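Peer 1: Below: one structure in structure tokens.
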Amino acid sequence: MAAVHFHNVTLGYDRHPAVHHLNGEVAPGALVAVIGPNGAGKSTLLRGIVGILRPLDGSIHLGGLDSRDIAYLPQSAEIDRSFPISVFDFVGTGLWRDAGLFGGIGKAAREKILRAIASVGLNGFENRPIGTLSGGQMQRVLFARVLLQDARLIVLDEPFNAIDSKTTTDLLALVKHWHGEGRTVLAALHDMEMVRNHFTETLVLARGPVAWGPTGEVLTPENLLVAMRMCEAFDDSATACAADDTRSRAA
Amino acid sequence: MIYDALIGPFAEFEFMRRALAAVIALSLAGAPIGVFLMLRRMSLVGDAMAHAILPGAAVGFLLSGLNLFAMTAGGLIAGFAVAILSGLVARSTGLKEDASLATFYLASLALGVTIVSIKGTNIDLLHVLFGNILAMDDQTLLVVAFNATVTLLVLAVIYRPLVIESVDPLFLRTVSRAGGPAHLAFLALVVINLVNGFQALGTLLAVGLMILPAGIARFWSRDLTVMICIAVVVATVSGYAGLVLSFQTRVPSGPAIILVATVLYIVSVLFGRVGGIVRQLFPGRHLEA
């Protein structure tokens, strides 16, 4: 059974499609890179998968996973960094699945949190407020939280944006570790070199799917060119999409 | 001498003891709510909510005279209606919470004024506007204490999702459905505490005992728990000192309490450990690492 199954999925905002008629499935344990130019619908697709955006059309099946089996790392702009919360507490929220509303954070859980913080290389930062961290350190914190969520499906939205190479290397190692543990990982990425070297499967997205398959076969100059030519703007006067139109009109 | 000034009034007069009890109850419940209002950048929302409550209280007053239960019920209904409607609109559309709240509280205010003017009674709403903590009877005190207890219990229940929702709302949405209910419960607590406060401080100043201590606490700690504790202590001290000031100088009690808090606020802005002005001007030599 597939971990994620897209059935003619159209996702978007205000009836305008950002992801158009996507079909396909992600096998359990797959390591998938989602690439495409800005505005191609990468983030929208990931939002659809984790369930914070409802499809305009079609459906996404998660093969029995519920929302607690998914860890989602959005682009970090949505976090209120000025809120007075320590790294320890922030990472600790990753234990929500076990602790919920009232569950205590016992000795074992504290150990777990400390281990997660250590494994992203932030020993000694436990009591720092998150507002004092650099961009790269904050990204490490977010990875630590994903680590604690212990999810079977991990969804990362441009996790290495504006992150230096040392941090990227460390965090990428973590991603490959998750892959090794048999978790399903989807990541929206821009660095083609990284995709080529580290991700087994690639989806080239340009509103509609351009190509999807083993990275070596999919990551061709032709496919990338098709994706680059995608028109970004919504057409305000667009008519309703005919149901059997399976190709992206934008491509 | 010092006994006469600081303790005497409370030992001698029952209304002073009641007032002190009321102000402590208000501080215990209102200050933590104020801290969350501030951290969620909703300080002015509290103020807007206070306006939203006014018409409800006025209608209660019209229907049953100066009956605090009726006024409280009216205020709660108006406040809840505005809080929940604006919360729902903000959650289900793209409208920001402040914009949607502005619409609803203005509508509530206009509706209240309309009702009052149609009834055409010339009523003394000054009491509602500025409150009178010194005129508190046993029944009212019990209502205040009850509301404060409810607030602390509910806050304990929603504390965790409320904190996570404040820092990283998107994360909470992906792991749990507790965010929405916690948000609405929090708005309800804001309303309860405003209504609670207007019996003592009046609609216009009720929000003061919530927001000022929170603002002060921000200048002394970077830790949420410590911040809440500081806010409660500051609110209690302001309440006590304000009552003493009011007793000794005939300044009305509500304004006296808020003025004491204001003085503490100014001191904190100047000398606060976290981001105070003096601290910023003379930070000391930079550290090694």
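Peer 1: Just from the alpha-carbon atoms, what are the Rg and Dmax of the stretch A:102-244 in angstroms?
Peer 2: For the stretch A:102-244, the Cα-based Rg and Dmax read 19.2, 59 Å.
Peer 1: Which three numbers, in whole Å and largest first, are the semi-axes of the equivalent ellipsoid of the stretch B:1-54 derived from its Cα gyration tensor as √(5λ)? Can you show the working numbers first?
Peer 2: On the way: eigenvalues 213, 35, 16 Å².
In descending order, the three semi-axes are 33, 13, 9 Å.
Peer 1: Still on this model: Provide the FRET efficiency to the nearest 0.05 for the B:ALA5-B:LEU44 pair, computing r from the beta carbons and using R0 = 41 Å. It would help to have the intermediate numbers written out before the result.
Peer 2: Working: r = 36 Å, r/R0 = 0.89.
FRET efficiency, B:ALA5 to B:LEU44: 0.65.
Peer 1: Quickly work out the A:ASP80-to-A:SER134 label distance, labels modelled 7 Å from Cα along the C-beta direction, and quote it in nm with one decimal.
Peer 2: Result for the modelled spin labels: 2.8 nm.
Peer 1: Once the other residues with Cβ under 15 Å from the Cβ of B:PHE186 are scored (Lys, Arg +1; Asp, Glu -1), what is the net sum?
Peer 2: On the way: positive: B:ARG40, B:ARG41, B:ARG91, B:ARG160; negative: B:GLU97, B:GLU165.
Taking every Cβ under 15 Å from that of B:PHE186, the sum is +2.
Peer 1: From a point 7 Å beyond the Cα of A:ASN23 in the direction of its Cβ, which residues of the stretch A:32-55 have a backbone N at a distance under 17 Å?
Peer 2: Correct set: none at all.
Peer 1: Quick one: compute a quarter of the convex hull surface over the Cα atoms of chain A and quote it in nm².
Peer 2: Values: hull surface 57.3 nm².
Across all orientations, chain A yields a mean hull projection of 14.3 nm².
Peer 1: Please compute the Kirkwood hydrodynamic radius over the stretch A:1-119, one decimal place, Å, based on all pairs of different Cα atoms.
Peer 2: 16.8
Peer 1: Given the alpha-carbon gyration tensor of the stretch A:52-149, what are the semi-axes of its equivalent ellipsoid in whole angstrom, ordered largest first, with each equal to the square root of 5 times an eigenvalue?
Peer 2: Values: eigenvalues 135, 63, 28 Å².
Square roots of five times the eigenvalues give 26, 18, 12 Å.
Peer 1: Another question about this same structure. Subtracting the Cα-Cα distance from 0.36 nm times the residue separation, let me have the gained length for B:PHE146 to B:ILE84 in nm, one decimal.
Peer 2: Between B:PHE146 and B:ILE84, full extension yields 20.1 nm more.
Peer 1: Based on the Cα coordinates of the stretch B:43-84, what is the per residue volume of their convex hull in Å³?
Peer 2: 52
Peer 1: With N residues in the protein assembly as shown, what two-decimal value do you get for its Cα radius of gyration over 2.2 N^0.38 Å? Write out the running numbers ahead of the final one.
Peer 2: Details: Rg = 28.0 Å, N = 540, 2.2 N^0.38 = 24.0 Å.
With N residues counted in the protein assembly as shown, Rg over 2.2 N^0.38 Å equals 1.16.
Peer 1: Calculate, for A:TYR13 and B:ALA21, the FRET efficiency according to 1/(1 + (r/R0)^6) with r their C-beta to C-beta distance and R0 60 Å; round to the nearest 0.05.
Peer 2: Working: r = 53 Å, r/R0 = 0.89.
The pair A:TYR13/B:ALA21 has a calculated efficiency of 0.65.
Peer 1: For chain A, list the DSSP H helices whose alpha carbon atoms reach 20 Å or more along the long axis and whose average Kyte-Doolittle value is -0.5 or above? Walk me through the intermediate numbers first.
Peer 2: On the way: long enough: A:135-149 (21 Å, 0.40); A:165-180 (22 Å, -0.28).
Within chain A the helices that satisfy the rule are A:135-149, A:165-180.
Peer 1: Does the stretch B:137-210 come out rounded, prolate or oblate by the C-alpha gyration tensor, with a ≥ b ≥ c the root eigenvalues, rounded set by a/c under 1.5 and, if not, prolate when a/b is larger than b/c and oblate if not?
Peer 2: On the way: a/c = 3.79, a/b = 2.28, b/c = 1.66.
Prolate, since a/c reaches 1.5 and a/b exceeds b/c.
Peer 1: If eta is 1.567 mPa s and T is 4 °C, what Stokes-Einstein diffusion coefficient results for chain B, Kirkwood Rh from Cα pairs, in µm²/s?
Peer 2: Working: Rh = 19.8 Å.
Diffusion coefficient, whole number: 65 µm²/s.
Peer 1: Hey, could you pull the Cα Rg and Dmax for the stretch A:1-52, both in Å?
Peer 2: Just the Cα atoms of the stretch A:1-52 yield Rg and Dmax of 11.3, 34 Å.
Peer 1: With the cut-off at 15 Å, report for the stretch B:25-115 the share of all Cα pairs above it, as a whole percent. If you can, show how the numbers build up before the last one.
Peer 2: On the way: 2560 of 4095 pairs.
Looking at the stretch B:25-115, the distances longer than 15 Å represent 63 percent of pairs.
Peer 1: If you don't mind, there's one more thing I want to ask. When only alpha-carbon atoms count, how far does the stretch A:145-198 stretch along each of its three principal axes, as whole angstroms with the largest first?
Peer 2: Over the stretch A:145-198, Cα extents along the principal axes are 26, 21, 17 Å.
Peer 1: Under a crude label model (7 Å from the Cα following the beta-carbon direction), how far is B:PHE282 from A:LEU65 in nanometres?
Peer 2: Placing both labels 7 Å beyond Cα along the Cβ direction yields 5.8 nm.
Peer 1: Quick check: residue separation of A:ARG196 and A:VAL226 times 0.36 nm, minus the Cα distance between them. What number comes out in nm? List each step's numbers first, then the result.
Peer 2: Values: separation 30, 0.36 × 30 = 10.80 nm, distance 1.82 nm.
Full-extension gain reported as 9.0 nm.
Peer 1: In nanometres, what is the gap between the two model label sites at B:ARG91 and A:ASP236, each 7 Å from Cα along Cα-to-Cβ?
Peer 2: Modelled inter-label distance: 3.3 nm.
Peer 1: Roughly speaking, what % of Cα-Cα pairs in the stretch B:194-289 are separated by over 20 Å, rounded to a whole number? Please list the in-between numbers first.
Peer 2: Details: 1947 of 4560 pairs.
Beyond 20 Å sits 43 percent of the P(r) for the stretch B:194-289.
Peer 1: Same structure again: Test of understanding: express the Cα radius of gyration of the stretch A:105-160 as a ratio to 2.2 N^0.38 Å, with N the residue count. Spell out each step's value before the answer.
Peer 2: Details: Rg = 11.7 Å, N = 56, 2.2 N^0.38 = 10.2 Å.
Rg over 2.2 N^0.38 Å, computed on Cα atoms: 1.16.
Only the coordinates and a few stated rules stand behind these numbers; no lab work does. Remember, it's a predicted structure, so these values are computed and weren't measured experimentally. Cβ coordinates were reconstructed from backbone atoms using ideal geometry, including for glycine residues, and neighbour counts include every protein chain displayed.
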